[in-house]
Amino acid sequence: MEDICQRYAFEYRMPGMPLDDVLYSEPSMQGNAVVSMRKEGGVETPLNLELLFNAVTMGKVNQF
């Protein structure tokens, strides 16, 4: 789990925010739930297991 959280960021973005760096996104009540590559020096985000599962099954994330 540590490797996943060091490599990917799991966050919510409001509609209209840029999604150009997003690997996978899906609509949610909080906006868009997204998986993106974690930027160097970026804050570690909590692992969203459901979002990761959906991204993997859709073929958007395949390297751990």
Projected label distance in nm at residue 17 and residue 60, using a 7 Å step from Cα toward the beta-carbon: 1.4 nm
Excluding ligands, DNA and RNA, the carbon-plus-sulfur percentage of the accessible area of the chain with a 1.4 Å probe reads 56 percent
Mind listing the phi-derived Karplus ³J(HN,Hα) values for segment 41-50, rounded to whole Hz, using 6.51, -1.76 and 1.60 with θ = phi - 60°, and x for any glycine or proline? x, x, 6, 6, 9, x, 5, 9, 4, 5
Overall Cα dimensions of the chain - principal axes, largest extent first, Å: 29, 28, 19
What residues qualify as long-range amide H neighbours of residue 32, i.e. H under 5 Å apart, gap of 5 or more or another chain, H built at 1.01 Å from N? 13, 14
Computed lengthening from residue 7 to residue 47, 0.36 nm per intervening residue step minus Cα-Cα distance: 13.3 nm
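The values are calculated or read from the model by the stated rules, or taken from the named source; none is laboratory data. Here the structure is a predicted model, which is why all the values come from computation and not from measurement. For neighbour counting, all protein chains shown are included, and Cβ atoms are generated from backbone atoms with ideal geometry for every residue, glycine included. We work out accessible area using only protein heavy atoms, side chains counted, and drop any ligands, DNA or RNA first. Shrake-Rupley method; radii C 1.70, N 1.55, O 1.52, S 1.80 Å.
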